[in-house]
Every structure is written in C-alpha cells, then in structure tokens.
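Structure first, then comments.
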Amino acid sequence: MSPYALSMLMSSLAVGTIVTLSSHHWFLAWMGLEINTLAIIPLMTKMHHPRATESATKYFLTQATASALILFSTTINAWMTGEWTIMNMTNPTPTVILTLALAIKLGIAPFHLWLPDVLQGLNMLTCLILSTWQKLAPMALMMLTSHQLNTNLLIAMALMSTIIGGWGGLNQTQMRKIMAYSSIAHLGWMILVISFAPSLALLNLLIYLVLTSSMFLMLMTLNSTNTNKLSISWLKTPTLAASMMVTLMALGGLPPTSGFLPKWLILQEMTKQHLGTLSALMAMSALLSLFFYIRLSYTISMTSPPNISNSSLTWRKKKNLTYLIPILIIMSATMMPITPTLLLLN
C-alpha cells in the first residue's frame with residue numbers, strides 16, 4: 001500500500017475516533033463511527049487474499065447493522081424527547097436498542113461470533129488496530145450513557161462474555177483467535193462494572209489496551225501466528241519469549257501483574273453492591289481464560305519442537321525492536337504496586 005494512502009487511512013481512523021469522543025450530538029457521534037468503519041476496511045483488504053476479503057465483508061456487514069441500529073435508536077429517542085443529546089437517553093426502548101448496537105460493535109457476547117473469524121483473516125497490525133483502537137469510540141459512548149443503560153442486560157451480557165471468551169479459547173491453536181476470545185472476556189469485565197463505577201471500567205480498558213498492544217507487538221516481532229510457531233520463539237529471542245510469559249500471566253489476571261488490578265477492584269465493587277453470587281461466577285469464569293494463558297506459557301517455556309539439526313539453536317536474525325515493546329512489557333508487569341495512586345486518580 002502506498003504510504004500516502006496509509007497515512008490518509010490512519011488519519012481518518014484517528015479523526016473518526018476523536019469526532020465520536022468529542023461529540024455531544026448523536027448524529028455527530030454516528031458520523032465518527034462511520035468514518036472509523038470506512039477507514040479500516042481498506043487496511044483489511046490490503047493483503048489481496050480471499051480470507052482478508054471475507055473478513056472485511058463480515059466486518060462491514062456487522063458494523064453497518066450496528067450503525068443502523070444506533071441511528072434507529074437515537075431517532076426514536078429524539079422523536080420521544082425532542083433532543084439529540086447523548087446524555088438524554090431516558091426511554092427504555094431506544095436504550096435497549098442502543099445497548100445491543102454497541103454490543104455488536106464491540107463484539108460482546110452473544111454478538112461475538114464475527115470477531116474471531118474477522119481477526120483470523122487479517123495481518124497482525126490490523127488485528128492490533130481492531131482489538132485496541134476500534135474499541136475506544138463504542139466504549140466511550142457506552143460510558144457516557146452508562147447511568148441510563150439497563151443494568152440487568154449489561155450483567156447478563158458480561159457474564160456470557162466472560163464464559164464464552166474463556167470457553168471459546170480453550171481449543172484454539174491460532175493466536176489471532178485466542179486474542180479475539182481474550183478480547184471478548186475482557187470486554188465482559190468492563191461492561192459488568194460500567195453502570196456501577198465507570199471509572200473502574202475506564203481503568204480496565206486502559207490496562208486491556210496496554211496488555212493487548214504488548215502481546216500483539218511481541219507476536220509481530222516473533223512472527224508467531226499459531227502455537228507451533230510460538231513453541232520455537234525461545235530459540236529466536238529468549239528475552240522476548242520470557243517477557244511474553246509475564247504478559248500472558250497479566251492477561252490471565254494473576255498477581256502481582258497489572259492484569260490482577262482491575263479484576264480485584266471490580267470484584268470488590270460487585271461485593272459492595274451485594275452481588276456475591278455474580279462475583280463468584282465471574283471469578284470462576286476467569287479461570288477458563290487463565291487455563292489457555294497458562295497453556296500458552298507452557299508452550300513457550302517447556303516445549304521444544306522436533307529438531308533435525310545437531311544444533312539446539314537457530315539462526316537469530318537481528319530484530320528491529322521498538323522502544324514501545326519494553327515500555328509496554330514493564331507496564332504490564334509493574335502497575336499493581338501503584339494501585340493506591342490509581343485509585344486516588346479515579
């Protein structure tokens with residue numbers, strides 16, 4: 001792809017998200033979401049492969065359906081209230097339609113089926129953008145309207161997302177599908193607490209962005225797209241393979257990594273709301289995700305592939321590591337001790 005076309009598409013992605021984040025009018029927010037969708041589709045199809053075309057088509061159809069539902073719900077709300085303001089979603093019918101539309105855009109269960117298939121047909125850089133940057137605008141709209149959304153519907157979708165995100169990733173060998181199910185499970189934790197404490201949902205989103213970005217950047221550096229390639233990564237870059245183990249433990253939510261922080265705070269908030277049974281179910285569903293993260297760590301550290309040569313080491317090509325990867329790895333591992341500071345900021 002031409003660098004001029006790439007720069008224009010990346011600028012359009014940024015503009016679409018910023019327009020949605022800075023808008024207070026529903027039509028302007030909808031326009032930002034549409035700019036986002038139309039800007040990422042050429043990035044999906046730049047590989048000129050049938051799988052990439054299929055992924056772009058699936059993504060376009062699901063996002064177009066969600067955008068139509070958003071426009072439909074906001075039009076009904078404007079017809080009933082006489083306002084297009086984002087903060088004024090008082091009627092239950094457009095509010096439920098809006099919740100379902102944003103769930104489709106984010107890939108929250110039971111509207112998650114498009115996400116693993118779409119990610120599997122894309123390259124790692126586009127997967128990174130789709131798993132991180134494309135979540136910002138819909139999640140911002142959900143946070144803005146969180147005090148008016150149906151809490152029972154959000155709790156049901158959150159519990160379903162964490163269970164399906166953990167269950168779906170158990171039998172996967174492709175890293176992009178594993179990261180897709182990981183994204184579904186993390187989104188479940190975010191929308192669980194969004195109506196009780198939006199600041200905790202924002203904290204969870206920020207830590208999710210750090211962990212997912214570091215994971216995708218390491219997979220891009222190691223050129224690992226499945227577990228077989230991941231098993232020989234320690235032969236290529238041992239330090240990066242060890243760092244990936246720490247990031248996987250953080251994604252699973254093990255202390256003392258950064259991933260434990262949002263889960264701990266969310267379970268604490270749920271018990272304060274007298275939702276003990278729900279907290280127990282969420283904690284048990286997190287064990288499903290933790291299992292396949294531990295399985296990946298085992299694949300990286302304790303398995304060795306069949307080797308026909310006499311040497312146990314492979315040729316190590318010099319990797320062009322950016323300064324961003326070590327910063328993200330350090331943040332993935334060391335944000336737990338600064339919990340009191342983060343709580344004061346919230």
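Quick one: in the range 23-33, of everything that is closer than 16 Å to Ala66 by Cα and open to solvent by less than 50 Å² (accessible area, probe 1.4 Å), which residue is nearest to the chain's Cα centre (by Cα)? I'd like the intermediate steps shown before the answer.
First, pick out the residues of the range 23-33 that are closer than 16 Å to Ala66 by Cα: 26-33.
Now narrow it down to the ones that are open to solvent by less than 50 Å² (accessible area, probe 1.4 Å): 26, 29, 32-33.
Details: Trp26: 24, Ala29: 21, Gly32: 19, Leu33: 17 Å.
Of everything passing the filter in the range 23-33, Leu33 is nearest to the chain's Cα centre (by Cα).
So if I check each of Ser73, Ser55, which one is touching an Asp or Glu at 6+ places or on another chain (Cβ under 9 Å), in contact (Cβ under 8 Å) with a residue 12 or more places away in the chain and either open to solvent by less than 20 Å² (accessible area, probe 1.4 Å) or not in a helix (DSSP H, G or I) (or both)? First the steps, then the outcome.
On the way: Ser73 fails: touching an Asp or Glu at 6+ places or on another chain (Cβ under 9 Å).
Going through Ser73, Ser55 in turn, the sole match is Ser55.
One line per residue, one yes/no per condition, for (1) within 24 Å of the chain's Cα centre (by Cα); (2) without any contact (Cβ under 8 Å) to a residue 60 or more places away in the chain; (3) crowded, with 17+ Cβ neighbours inside 10 Å; (4) not in a helix (DSSP H, G or I):
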residue: Gly16; (1), (2), (3), (4): yes, no, yes, no
residue: Val19; (1), (2), (3), (4): yes, yes, yes, no
residue: Met44; (1), (2), (3), (4): yes, no, yes, no
residue: Met80; (1), (2), (3), (4): no, yes, no, no
residue: Leu102; (1), (2), (3), (4): yes, yes, yes, no
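Here's the yes/no breakdown for (1) open to solvent by 60 Å² or more (accessible area, probe 1.4 Å); (2) in contact (Cβ under 8 Å) with a residue 12 or more places away in the chain; (3) at positive phi:
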position: Pro255; (1), (2), (3): yes, yes, no
position: Gly259; (1), (2), (3): no, yes, no
position: Leu267; (1), (2), (3): no, yes, no
position: Gly276; (1), (2), (3): no, no, no
position: Leu288; (1), (2), (3): no, yes, no
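Condition check ((1) more than 30 Å from Thr173 (Cβ to Cβ); (2) modelled with pLDDT under 95) across all residues:
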| position | (1), (2) |
| --- | --- |
| His24 | yes, yes |
| Met47 | no, yes |
| Leu61 | no, no |
| Asn88 | yes, yes |
| Leu115 | no, no |
| Met124 | no, yes |
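Residues to consider are Leu217, Leu187, Leu192; find the one that is surrounded by fewer than 24 Cβ atoms within 10 Å (Cβ to Cβ) and in a helix (DSSP H, G or I).
Numbers: Leu187 fails: surrounded by fewer than 24 Cβ atoms within 10 Å (Cβ to Cβ); Leu192 fails: surrounded by fewer than 24 Cβ atoms within 10 Å (Cβ to Cβ).
Testing whether each residue is surrounded by fewer than 24 Cβ atoms within 10 Å (Cβ to Cβ) and in a helix (DSSP H, G or I) leaves just Leu217.
I'd like to know if the range 229-248 contains one or more residues that are among the aliphatic types (A, V, I, L, M), buried (at least 24 other Cβ atoms within 10 Å of the Cβ) and closer than 18 Å to Ser161 by Cβ. It would help to see each step written out before you state the result.
Step one: list which residues in the range 229-248 are among the aliphatic types (A, V, I, L, M), which gives 230, 232, 235, 240-242, 244-246, 248.
Narrowing further to those that are buried (at least 24 other Cβ atoms within 10 Å of the Cβ): 244, 248.
Filter once more, keeping what is closer than 18 Å to Ser161 by Cβ: none.
Looking through the range 229-248, none of the residues is among the aliphatic types (A, V, I, L, M), buried (at least 24 other Cβ atoms within 10 Å of the Cβ) and closer than 18 Å to Ser161 by Cβ.
Pick out the one residue from Met44, Met80, Met31, Met87 that is in contact with a Leu (Cβ under 7 Å, 6 or more places away or on another chain) and more than 21 Å from Thr132 (Cβ to Cβ). I'd like the intermediate steps shown before the answer.
Details: Met44 fails: more than 21 Å from Thr132 (Cβ to Cβ); Met80 fails: in contact with a Leu (Cβ under 7 Å, 6 or more places away or on another chain); Met31 fails: in contact with a Leu (Cβ under 7 Å, 6 or more places away or on another chain).
Within the list Met44, Met80, Met31, Met87, the selection yields Met87.
When you check Asn223 against the structure, is it at positive phi and surrounded by fewer than 24 Cβ atoms within 10 Å (Cβ to Cβ), yes or no?
Numbers: at positive phi: yes; surrounded by fewer than 24 Cβ atoms within 10 Å (Cβ to Cβ): yes.
When the stated conditions are applied, Asn223 passes them.
Is it fair to say Met1 is out of contact with any strand residue (DSSP E or B) (no Cβ under 7 Å at 6 or more places or on another chain) and over 23 Å from Met143 (Cβ atoms)?
Numbers: out of contact with any strand residue (DSSP E or B) (no Cβ under 7 Å at 6 or more places or on another chain): yes; over 23 Å from Met143 (Cβ atoms): yes.
Here the answer is yes, as Met1 does meet what is asked.
Filter the range 112-131 for residues that are in a loop (DSSP other than H, G, I, E, B) and within 16 Å of Trp189 (Cα to Cα) and give the result. Reasoning before the result, please.
Start the filter on the range 112-131 by keeping residues that are in a loop (DSSP other than H, G, I, E, B), which leaves 112-113, 121-123.
The answer is His112, and nothing else.
Out of all the residues in the range 158-184, which are buried (at least 22 other Cβ atoms within 10 Å of the Cβ), farther than 17 Å from Arg295 by Cα and out of contact with any Gly (no Cβ under 6 Å at 6 or more places or on another chain)?
Ser183
The values are calculated or read from the model by the stated rules, or taken from the named source; none is laboratory data. Owing to the predicted nature of the structure, the values given are computational and were not obtained by experimental measurement. Using ideal geometry, Cβ is built from the backbone for each residue, glycine included, and neighbour counts are taken over all protein chains shown. Protein only, heavy atoms only, side chains kept; ligands, DNA and RNA dropped before computing areas. Shrake-Rupley method; radii C 1.70, N 1.55, O 1.52, S 1.80 Å.
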